[in-house]
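One structure below.
The values are calculated or read from the model by the stated rules, or taken from the named source; none is laboratory data. Predicted, not measured: the structure shown is a model, and the values here were computed from it. Here Cβ is always computed from backbone atoms with ideal geometry, including for glycine, and neighbour counts include all displayed protein chains.
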Amino acid sequence: MVETCPSCDMCGVTLHHLLHLLKFSGVILFGGGMVASFVVTSPSDRRRAVHGVASPGLAVTWLAGYLLTLQLGVSLGELWVLGGLASSFVAQLALLRSVARDRERASSRLGALLSLGLVLVLMVFRPTWASLRP
């Protein structure tokens with residue numbers, strides 16, 4: 001069920017499009033905050049990048065993703081939804097771990113990057129539990 005935005009009947013923009021745009025914006029904020037936390041050298045700037053940019057970006061991504069599942073009638077128990085949620089949570093924990101220390105470790109960076117990469121793969125390919133059956 002795709003509803004047309006009441007204020008955009010003439011332009012053809014749907015609620016689905018707006019939610020996708022919001023989710024994509026959240027992913028950009030999360031990834032941008034992650035990259036910024038890797039690039040800056042000052043601990044206070046790293047904390048600002050994670051807590052001020054990446055964390056709100058993740059919250060926007062989760063909210064928009066939840067609203068998209070409701071709008072599309074997708075179960076929150078689907079493999080790609082659960083995997084994306086878990087992977088993004090691991091990425092967030094890796095970022096939080098990296099700013100809790102004076103020096104950032106390569107393992108935290110790698111964990112955050114790999115987790116974000118897995119989230120993107122799951123968002124694009126959307127594997128289901130049924131696809132795992134032979």
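You will find that of Arg97, Arg133, Arg103, the residue that is farther than 18 Å from Ile28 by Cα and in contact with a helix residue (DSSP H, G or I) (Cβ under 6 Å, 6 or more places away or on another chain) is Arg97 and no other. Is at least one residue of region 49-63 hydrophobic (A, V, I, L, M, F, W, C), modelled with pLDDT of 95 or more, over 15 Å from Met34 (Cα atoms) and out of contact with any helix residue (DSSP H, G or I) (no Cβ under 8 Å at 6 or more places or on another chain)? Within region 49-63, not a single residue is hydrophobic (A, V, I, L, M, F, W, C), modelled with pLDDT of 95 or more, over 15 Å from Met34 (Cα atoms) and out of contact with any helix residue (DSSP H, G or I) (no Cβ under 8 Å at 6 or more places or on another chain). Residues in region 41-68 that are loosely packed, with under 15 Cβ neighbours inside 10 Å and either touching a Leu at 6+ places or on another chain (Cβ under 7 Å) or among the aliphatic types (A, V, I, L, M) (or both): 3 in all.
Residues that are in contact with a Gly (Cβ under 8 Å, 6 or more places away or on another chain), in contact (Cβ under 8 Å) with a residue 40 or more places away in the chain and in a loop (DSSP other than H, G, I, E, B) are absent from region 49-63. Residues in region 88-108 that are in contact with a Lys or Arg (Cβ under 6 Å, 6 or more places away or on another chain) and of a type in the set (Gly, Ala, Ser): Ser108 alone.
Answer yes or no as to whether Leu29 is assigned to a helix (DSSP H, G or I), aliphatic (A, V, I, L, M), within 11 Å of the chain's Cα centre (by Cα) and modelled with pLDDT of 95 or more. For Leu29, the condition - assigned to a helix (DSSP H, G or I), aliphatic (A, V, I, L, M), within 11 Å of the chain's Cα centre (by Cα) and modelled with pLDDT of 95 or more - is met.
Within region 51-63, the presence of a residue that is under 27 Å from Leu132 (Cβ atoms) and small (Gly, Ala, Ser) is excluded. Filtering Leu95, Leu29, Leu120 for residues that are closer than 30 Å to Ser131 by Cα and not β-branched (Val, Ile, Thr) leaves a single hit, Leu120. Of the listed requirements (1) in contact (Cβ under 8 Å) with a residue 60 or more places away in the chain; (2) in contact with a Pro (Cβ under 9 Å, 6 or more places away or on another chain); (3) under 21 Å from Phe125 (Cβ atoms); (4) not aliphatic (A, V, I, L, M), Gly33 misses just one: (3). Consider region 78-134 and keep the residues that are part of a loop (DSSP other than H, G, I, E, B) and in contact (Cβ under 8 Å) with a residue 40 or more places away in the chain. The one that is surrounded by the most Cβ atoms within 10 Å (Cβ to Cβ) is Glu104. Across region 32-48, the qualifying residues are those that are among the β-branched types (Val, Ile, Thr) and not in a helix (DSSP H, G or I), and the one among them that is modelled with the highest pLDDT is Val40.
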